[in-house]
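Read the structure below first, then the notes.
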Amino acid sequence: FVQEIKAQDLWNSTVIVMGSDFGRSMNTNSNGGTDHAWGGNYFMAGGSLKGGQIIGKFPTPLGPESDFWLKRGRWIPTTPWEAVWNGVAQWLGVHNDADLDWALPNRESFSTCDLFTDKDLFIDGACECIQENNAHYTVCDDITYSPTSVPTGSPSYSPTGNPTSPPTAEPTKSPSESPS
């Protein structure tokens, strides 16, 4: 997949996001395994990502004395699900807060700077979170993007303009067979 995207010169405008559907508990269960929990993770790949980093907040201390620890080794997530998608949406060109709130309805439940911006995630990001005088807000650079190249060429044949079957006087009750 990556080789093909690179061959079509689309790698720098592609992001792949893998998210775990659930975390795992830190304590073992009665069968010696672990149970479903909160606090999963994401993995991202793409040509414009700021790679080689782990971002987010790691809960400390790592044990029952932590404010994020629930019974049986379950963790309350420190970074909201919306954090990653906020930055990805901005990178895709969604910069208006109302549009971001529509795309991520729970986004407004978090402080603006608790969400990642596209500058946090991408080398060519346009938005960053500003914190001053107890206020948090996002500022985005004005960017005009050139059109993305079309990955496929024109149709390989020209339409003839001739119908594949003659018209009928009455509507048919069953679909016609596809031409071969």
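In this structure, does residue 39 turn out to be crowded, with 16+ Cβ neighbours inside 10 Å and outside any helix (DSSP H, G or I)? Here the answer is yes, as residue 39 does meet what is asked.
The listed residues are 53, 90, and the only one of them that is at pLDDT 85 or above and in a loop (DSSP other than H, G, I, E, B) turns out to be 53.
Here residue 79 meets the list (1) out of contact with any helix residue (DSSP H, G or I) (no Cβ under 9 Å at 6 or more places or on another chain); (2) part of a loop (DSSP other than H, G, I, E, B); (3) open to solvent by less than 70 Å² (accessible area, probe 1.4 Å); (4) within 30 Å of residue 141 (Cα to Cα) almost entirely, failing just condition (1). Residues in the range 101-148 that are more than 23 Å from residue 12 (Cα to Cα) and in a helix (DSSP H, G or I): 101, 102, 103, 107, 108, 109, 112, 113, 114.
Take the conditions over 17 Å from the mean Cα position of the chain (by Cα) and either open to solvent by 30 Å² or more (accessible area, probe 1.4 Å) or of a type outside the set (Asp, Glu) (or both) and apply them to residue 95. Does it pass? In short, no. Can you confirm whether the range 60-68 contains a residue that is without any contact (Cβ under 8 Å) to a residue 12 or more places away in the chain, outside any loop (DSSP other than H, G, I, E, B) and either open to solvent by less than 80 Å² (accessible area, probe 1.4 Å) or not aromatic (Phe, Trp, Tyr) (or both)? Checked against the condition, which is being without any contact (Cβ under 8 Å) to a residue 12 or more places away in the chain, outside any loop (DSSP other than H, G, I, E, B) and either open to solvent by less than 80 Å² (accessible area, probe 1.4 Å) or not aromatic (Phe, Trp, Tyr) (or both), the range 60-68 yields no hits at all. Once the range 3-36 is narrowed to residues that are of a type in the set (A, V, I, L, M, F, W, C) and part of a loop (DSSP other than H, G, I, E, B), the residue that is most open to solvent (accessible area, probe 1.4 Å) is 26.
When the criteria are applied in full, residue 47 meets the requirement of being in contact with a Ser or Thr (Cβ under 7 Å, 6 or more places away or on another chain) and modelled with pLDDT of 85 or more.
The values are calculated or read from the model by the stated rules, or taken from the named source; none is laboratory data. Given the structure is predicted, the values throughout are model-derived calculations rather than measurements. In this analysis, Cβ positions are derived from the backbone assuming ideal geometry, glycine residues included, and neighbour counts consider all displayed protein chains. Just the protein is used for accessible areas: all its heavy atoms, side chains included, with ligands, DNA and RNA removed. Shrake-Rupley method; radii C 1.70, N 1.55, O 1.52, S 1.80 Å.
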